[in-house]
Amino acid sequence: MGLLAAVALTASYAAGAQTDKATLAKELEQKAMEVYQQRADTGIALFRQASDLYKQAGNMKAAAANLQNAAIVHEQVRRDNFKSMEVMKESLLLWRQTKDSAGTANAYKYIMSQHAKMNDNMNAFKKADTAIRYYTALNDAGNISAVYLALANMFESQRLPDSAIKQALKAYDIQKTVKGSDVALYRINSTLFRLYTISGNADAAKDLLKKNEKAIKKLTLTSDDKLNHYYYTWMYYTKTGDTTKAAEYKAKYDALRNSTK
């Protein structure tokens with residue numbers, strides 16, 4: 001066999017090995033997805049194995065995506081925000097290595113959300129600023145709005161409604177520039193209604209309640225959206241002393257909750 005033929009054969013074997021790794025990685029990824037849907041944390045190991053095989057096959061974006069999925073399982077199944085964040089940082093390194101701006105931005109946003117859930121305001125804002133820079137370059141107003149809304153949720157969890165309102169208003173103003181985002185705008189208004197109710201700003205809450213009542217009749221919303229609306233409207237009328245309306249929305253809340261059990 002000549003030298004050129006030997007080199008070609010070696011290259012062929014190498015290509016076949018890469019293909020086998022990519023195929024196995026895909027199979028592991030699919031299995032991990034099935035396991036995740038069953039809410040089992042064994043999906044973490046499978047996503048990691050898939051990520052390693054994708055790396056060996058040279059598909060760094062798929063490797064990053066599988067680490068990202070492992071991070072999500074840590075958060076949603078194991079309820080471990082810190083470990084979830086650490087795994088997402090591994091994913092971030094790969095997204096940056098591939099120069100994938102969308103993947104990088106999403107990883108920063110996710111890390112920001114974990115800092116926010118752990119009430120680490122300083123690092124949450126640092127990661128938020130970085131994510132916003134990437135999303136701005138991508139002209140992705142929807143995700144910029146989502147970043148501000150996550151910061152609003154962080155302040156709400158810290159019982160700082162005025163700070164939360166400022167962030168939610170930013171989210172709303174940006175989301176308005178996105179076409180076809182009526183449901184997203186409703187959800188931000190729903191958040192603002194809740195915050196105004198908590199902060200005692202009855203006039204602002206009343207104005208938003210009127211908007212939300214109209215929106216809930218014409219939009220296709222989830223059961224969770226409707227449950228939240230009924231629950232916080234019930235709380236609003238309780239706070240304002242309208243016992244008749246409070247009872248009406250409590251009944252709506254109870255009926256929907258019982259029907260969705």
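Just one residue in the set 91, 157 is within 30 Å of residue 197 (Cβ to Cβ), out of contact with any Cys (no Cβ under 7 Å at 6 or more places or on another chain) and not basic (Lys, Arg); that residue is 157. The set of residues from the stretch 223-261 being within 27 Å of residue 184 (Cβ to Cβ), among the hydrophobic types (A, V, I, L, M, F, W, C) and either touching a residue at least 12 places away in the same chain (Cβ under 8 Å) or outside any helix (DSSP H, G or I) (or both) comprises 227, 234, 235, 256. Of the residues 194, 257, the single one that is surrounded by fewer than 19 Cβ atoms within 10 Å (Cβ to Cβ) and not aromatic (Phe, Trp, Tyr) is 257. Can you find even one residue in the stretch 87-103 that is closer than 27 Å to residue 222 by Cα and either at pLDDT 95 or above or over 16 Å from the mean Cα position of the chain (by Cα) (or both)? No: the stretch 87-103 contains no residue that is closer than 27 Å to residue 222 by Cα and either at pLDDT 95 or above or over 16 Å from the mean Cα position of the chain (by Cα) (or both). Taken as a whole, the structure leaves residue 111 outside the set of residues that are within 21 Å of residue 190 (Cβ to Cβ) and either outside any loop (DSSP other than H, G, I, E, B) or not assigned by TED's automatic domain parsing to the domain that holds residue 76 (or both). When residues in the stretch 48-100 are screened for being part of a helix (DSSP H, G or I) and among the basic types (Lys, Arg), 6 of them pass. Looking across the stretch 166-184, the residues that are assigned to a helix (DSSP H, G or I), more than 18 Å from residue 121 (Cβ to Cβ) and free of Cβ contacts under 8 Å to residues at least 24 places away in the same chain come down to 169, 173. Taking the stretch 42-83 as the range and being surrounded by fewer than 17 Cβ atoms within 10 Å (Cβ to Cβ) and of a type in the set (Val, Ile, Thr) as the test, only 42 passes. A single entry from 190, 145, 163 fulfils the requirement of being touching a residue at least 40 places away in the same chain (Cβ under 8 Å) and closer than 23 Å to residue 201 by Cα: 190. Only one of the listed residues (36, 54) is touching a helix residue (DSSP H, G or I) at 6+ places or on another chain (Cβ under 9 Å), at pLDDT below 95 and more than 30 Å from residue 159 (Cα to Cα). That residue is 36.
The set of residues in the stretch 208-225 that are surrounded by 14 or more Cβ atoms within 10 Å (Cβ to Cβ) and within 20 Å of residue 152 (Cα to Cα) comprises 208, 209, 212, 225. Pairing each residue of the stretch 61-80 that is assigned by TED's automatic domain parsing to the domain that holds residue 106 with any residue that is surrounded by fewer than 20 Cβ atoms within 10 Å (Cβ to Cβ) and modelled with pLDDT of 95 or more, provided the two are 6+ apart or on different chains, yields no C-beta distance under 7 Å.
The values are calculated or read from the model by the stated rules, or taken from the named source; none is laboratory data. Note that this is a predicted model, so its numbers are computed, not measured. Virtual Cβ from ideal backbone geometry, glycine too; neighbours counted across all protein chains shown.
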